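Notes follow the structure.
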Amino acid sequence: MEVAKTTESVRALVKTARGQGKRIGFVPTMGALHIGHVSLIEAAKQHANFVVVSIFVNPTQFGVGEDFEKYPRPIEHDLEICREQGVDLVFAPTPAEMYPGENFTWVTVEKLTEPLCGQFRPGHFRGVATVCAKLFNIVQPDAAFFGQKDAQQAVVIKRMVADLNMPLEIVVCPTVREPDGLAMSSRNQYLSPSRRKDAAYIYKSLQKCRQMIDAGITDTGKIIAEMRKILSQVPAIKIEYVSIVDAETLQSVDRIAGKVLAAVAVRLGPARLIDNILMDAKKK
Ligand code: PAF
């Protein structure tokens, strides 16, 4: 496995792989890798025969007062996981390599970035879209792999790629969960043992949503009220939002019809946690 720190070296290594007729699969990450990331690497290996993982805690997607400084950076452990998973190339740039001076050019995906997390993390998706555009230009992959856990991010990146005619496929992979349903996240390690137990209520609320939709309830107001009731059983959970939106436009829906995304964001102790489920009411 090669570890590259510069754009120049990534380009050279990818060029060689392409010259050998290889298809490039790319998994962008901020490190602190867990089995959710491993599932993305596995998916990349199925689609491609040269897999690149980037490890970069992107400062431009963190707001003031967010966890940029304390975000875990266990680089040696991350490299070990990549090696074990048979990754071909890790790109681990410094902030100065990615942003050598003041950045004048930003990618703003409109509308899709306004609801859900966009209301609570102004500028976050501009930072994500910009760094992904830069990483796609550096790595030039045939396909890039994102987790469904960050559903809004996946929708935003897909739209950016379509709107800007970027020549790659975006593959969204299922959320990987702990046995009690908690979605895998690098931020789960911020949770104390008791907060960790509380966190299971996030998925419980999403399961309630699924049960209600399966039972034919279409009034999203009713469903959201029940989901909130479940989350409210845990005093430590501070709800940011509980929303049911159209899975493509991310606009709230009053009635369930077609493909919807039920999404939750909460603060739990020092962690901000998000999760979601996709449901297709027509496919029941
Ligand atoms: O999902 C993440 O880890 C990040 O938002 C990403 C896509 C690596 C961009 O920094």
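The values are calculated or read from the model by the stated rules, or taken from the named source; none is laboratory data. Computed from a predicted model, the values in this text were never measured in an experiment. Neighbour counts are summed over all protein chains in view; Cβ atoms, including those assigned to glycine, are modelled from backbone coordinates with ideal geometry. Note: accessible area is taken over every heavy atom of the protein model, side chains too, but ligands, DNA and RNA are not part of it. Shrake-Rupley method; radii C 1.70, N 1.55, O 1.52, S 1.80 Å.
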Open item on the list: Pairs needed: first member in the range 236-256, more than 22 Å from Val172 (Cα to Cα); second member anywhere, open to solvent by less than 20 Å² (accessible area, probe 1.4 Å) and assigned to a loop (DSSP other than H, G, I, E, B); C-beta distance under 8 Å; at least 6 residues apart or different chains.
Closed with: Tyr241/Leu116
TODO: Within the range 209-262, count every residue that is part of a loop (DSSP other than H, G, I, E, B) and more than 25 Å from the chain's Cα centre (by Cα).
DONE: 9
- [ ] Would you confirm whether any residue within the range 16-39 is surrounded by fewer than 15 Cβ atoms within 10 Å (Cβ to Cβ), at pLDDT 95 or above and polar (S, T, N, Q)?
- [x] yes
Open item on the list: Among the numbered criteria (1) under 23 Å from Ile24 (Cβ atoms); (2) more than 14 Å from the ligand (Cβ to nearest atom), which one does Ile202 miss?
Closed with: (1)
Task: Count - residues of the range 106-147 that are open to solvent by 10 Å² or more (accessible area, probe 1.4 Å), of a type in the set (S, T, N, Q) and within 21 Å of Val52 (Cβ to Cβ) - done: 2
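This table checks each residue for (1) touching a Ser or Thr at 6+ places or on another chain (Cβ under 6 Å); (2) open to solvent by less than 40 Å² (accessible area, probe 1.4 Å).
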{"residue": "Lys208", "(1), (2)": "no, no"}
{"residue": "Met212", "(1), (2)": "no, yes"}
{"residue": "Thr218", "(1), (2)": "no, no"}
{"residue": "Ile224", "(1), (2)": "no, yes"}
{"residue": "Leu231", "(1), (2)": "yes, yes"}
{"residue": "Ala236", "(1), (2)": "no, yes"}
{"residue": "Ile239", "(1), (2)": "no, no"}
{"residue": "Val245", "(1), (2)": "yes, yes"}
Task: Pair list, Cβ under 7 Å, 6 or more apart: the range 271-284 residue closer than 16 Å to Gln119 by Cβ and of a type in the set (D, E, K, R), other residue open to solvent by less than 30 Å² (accessible area, probe 1.4 Å) and part of a strand (DSSP E or B) - done: Arg272/Ala265
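So that you can scan it fast, the table gives a plain yes or no per residue for (1) among the β-branched types (Val, Ile, Thr); (2) within 11 Å of the ligand (Cβ to nearest atom):
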{"residue": "Phe120", "(1), (2)": "no, no"}
{"residue": "Ala133", "(1), (2)": "no, yes"}
{"residue": "Ala143", "(1), (2)": "no, no"}
{"residue": "Phe146", "(1), (2)": "no, yes"}
{"residue": "Gln152", "(1), (2)": "no, yes"}
{"residue": "Lys158", "(1), (2)": "no, no"}
{"residue": "Ala162", "(1), (2)": "no, no"}
{"residue": "Val171", "(1), (2)": "yes, no"}
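Within the range 3-14, is even one residue of a type in the set (A, V, I, L, M, F, W, C), in contact with an Asp or Glu (Cβ under 8 Å, 6 or more places away or on another chain), open to solvent by less than 20 Å² (accessible area, probe 1.4 Å) and closer than 26 Å to Asp142 by Cβ? So that I can check it myself, show each step before the final result.
Step one: filter the range 3-14 for residues of a type in the set (A, V, I, L, M, F, W, C), giving 3-4, 10, 12-14.
Filter again for in contact with an Asp or Glu (Cβ under 8 Å, 6 or more places away or on another chain), leaving 13.
Those left that are additionally open to solvent by less than 20 Å² (accessible area, probe 1.4 Å): none.
Checked the range 3-14: no residue is of a type in the set (A, V, I, L, M, F, W, C), in contact with an Asp or Glu (Cβ under 8 Å, 6 or more places away or on another chain), open to solvent by less than 20 Å² (accessible area, probe 1.4 Å) and closer than 26 Å to Asp142 by Cβ.
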- [ ] Tell me the helices (runs of 4 or more DSSP H) entirely within the range 82-187 that contain at least 3 residues that are more than 24 Å from Lys259 (Cβ to Cβ) and either free of Cβ contacts under 8 Å to residues at least 40 places away in the same chain or out of contact with any Cys (no Cβ under 6 Å at 6 or more places or on another chain) (or both).
- [x] 95-98, 124-139
